[in-house]
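Student: Please see the structure below; I have some questions.
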Amino acid sequence: MSSTPAQSSFSALDAVPLDAIYNLKELFAADKYEKKVILGSGVYRNDNSKPWVLPTVEKAEEAVSKAQDSGRYEYLPITGYAPFHAAARDLLFGPLGEKVSRVVSVHTLAGTGANSLGARFLKGALKPSAVWLSDPTWVNHYNIWKLVGVEVKTYPYWNVTKRGLEFEKLIDHLENKAAPGDVIVLHACAHNLTGVDPTKEQWKAIAYLCEKKGLFPFFDCAYLGFASGNLDEDAWAVRYFESRGTLEMAVAQSFSKNMGLYGERVGAFHLLAASTDAASKAKGHLPRLQRGQVSQPPTRGARIAATILTAPDLFQSWLLDLQEMSARIKNMRQMLRDELMFLGTPGNWDHITSQIGMFSYTGLTPEQVAVLQADSHVYLLNSGRVSIAGCNDHEECKVYSGSNRRCGKKIAELDDVETVEASLFYDFKG
């Protein structure tokens, strides 16, 4: 009897590389160096580089545990936990009055689930010729939209020379190349990857362009309250688009970052329709799509979030948690920039402090990132994006100019345009 294995049905599959962030985690885990540091993951860390369970979340967990009955493991409705997605909607949009009947909200598997549900719904409902993503953007945006079969196009966003928003080119590009009915994905606050947001006047211009061109805005809101420490400030763009009264829109909302509920996968998808009748029709389609993918979302995280959002004392406590997290990140930005200036690092580093939120788009090249990893055991994405929350001010993370300048010399050899030293971070070798 032959022992030759049969030809696999999957032999023709292309080899797909591991997601960049998870590949970085594997490289980091394999490094045996004691003082290695990873600055790639989008998770908040305290000054001891440990996960921080928000004090308010601990209180809400206790309240949820006490209130649990024998039905705590029962299925939720397909649209999820209603007290949660209603509270999430109110947090995002503010008071809607009679317009609340034009909003359809669904509890989803975090922001990824909300983006995915929205992409599948809009693909079928709008049949857009393309979806427009900022260049750069969160890598999963590409994955989500390609998986639903919508052509992905990009609009200019990051100016590598100025290290800021490429606003004029953004407007001109969409004005001339986007088609009516296309979807444009916008980051509500704390743009991921760059940390650069439009000003309020620029947001107004983008809203006008969407009206003029008939583009459908789809906001990704992953950092509400976490970006600036002020919920109203971070929700400004979404609320402004809604206030114009002429735009339909969608929002993917996540509570992974602002409540630290990463593993609980707590999110919501919101659709603002032009009429109550249109919202009612959409309300039938969204559960069908959710049913076909995940059936019902999980309960526990949504109950924790809803408890925080609906209990006045816990809500006020959560606002303080948000301020603490955002203040620490701002402080890390300032310390990083100050250290760069102290070392006399060539270049202008003002973008470190002008950017907002968890990430900084440093401007480092892949070659420079490789030098940091090889010489200083500092791990970050090839794009040069850094999670500021991964930094701290411990003694072992202080900059020692000698070895940094030696490493910086190697990096300078890779970049004739502008010297960027490895002292951008720290001398973890001590």
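The values are calculated or read from the model by the stated rules, or taken from the named source; none is laboratory data. Keep in mind it's a predicted model, so treat the numbers as computed, not measured. Here the Cβ positions follow ideal geometry from the backbone for every residue, glycine too, while neighbour counts run over all protein chains shown. Just so you know, the surface numbers come from the protein's heavy atoms only, side chains and all, with ligands and any DNA or RNA stripped out. Shrake-Rupley method; radii C 1.70, N 1.55, O 1.52, S 1.80 Å.
Student: Any residue in segment 366-392 that is under 24 Å from Tyr223 (Cβ atoms) sitting within a Cβ distance under 6 Å of a residue that is among the charged types (D, E, K, R)? List the pairs, counting only those 6 or more apart or interchain.
Tutor: Final answer for the pair search is Ile388/Arg333; Ala389/Arg45; Gly390/Arg45; Asn392/Asp47.
Student: Out of everything in segment 50-93 that is open to solvent by 80 Å² or more (accessible area, probe 1.4 Å) and aromatic (Phe, Trp, Tyr), what residue ends up being modelled with the highest pLDDT?
Tutor: Step by step, filter segment 50-93, then rank; the result is Tyr75.
Student: While we're on this one: Scanning for something in a helix (DSSP H, G or I) and modelled with pLDDT under 95, does segment 255-262 turn up at least one residue?
Tutor: yes
Student: Which of the residues belonging to segment 312-324 are open to solvent by 20 Å² or more (accessible area, probe 1.4 Å) and within 23 Å of the chain's Cα centre (by Cα)?
Tutor: Phe315, Leu319, Leu320, Gln323, Glu324, listed by residue number.
Student: If a residue has to be at pLDDT below 95 and assigned to a helix (DSSP H, G or I) to count, how many in segment 202-242 make the cut?
Tutor: 0
Student: Which residue, of Val43, Val150, Val106, is assigned to a strand (DSSP E or B) and touching a strand residue (DSSP E or B) at 6+ places or on another chain (Cβ under 9 Å)?
Tutor: Val106
Student: Need the failing condition index for Asn23 against (1) touching a residue at least 12 places away in the same chain (Cβ under 8 Å); (2) assigned to a helix (DSSP H, G or I); (3) out of contact with any strand residue (DSSP E or B) (no Cβ under 9 Å at 6 or more places or on another chain), just the number.
Tutor: (1)
Student: Condition check: over 23 Å from Phe359 (Cα atoms), at pLDDT 95 or above, open to solvent by 60 Å² or more (accessible area, probe 1.4 Å) and within 20 Å of the chain's Cα centre (by Cα). Does Lys153 satisfy that?
Tutor: yes
Student: Could I ask something else about it? List the number of the failed condition for Glu248; all other conditions in (1) closer than 30 Å to Val53 by Cβ; (2) in contact with a Pro (Cβ under 9 Å, 6 or more places away or on another chain); (3) not hydrophobic (A, V, I, L, M, F, W, C) hold.
Tutor: Failing condition for Glu248: (1).
Student: Here is a further query. Go through Ala279, Ala327, Ala305 for me and flag whichever is in a helix (DSSP H, G or I), open to solvent by 10 Å² or more (accessible area, probe 1.4 Å) and in contact (Cβ under 8 Å) with a residue 40 or more places away in the chain. Walk me through it before giving the result.
Tutor: Working: Ala279 fails: open to solvent by 10 Å² or more (accessible area, probe 1.4 Å); Ala305 fails: open to solvent by 10 Å² or more (accessible area, probe 1.4 Å).
Matching residue, one of Ala279, Ala327, Ala305: Ala327.
Student: Follow-up. Does Ala252 fit the bill of being under 16 Å from His107 (Cβ atoms), part of a helix (DSSP H, G or I), in contact (Cβ under 8 Å) with a residue 12 or more places away in the chain and touching a Gly at 6+ places or on another chain (Cβ under 8 Å)?
Tutor: No, not satisfied.
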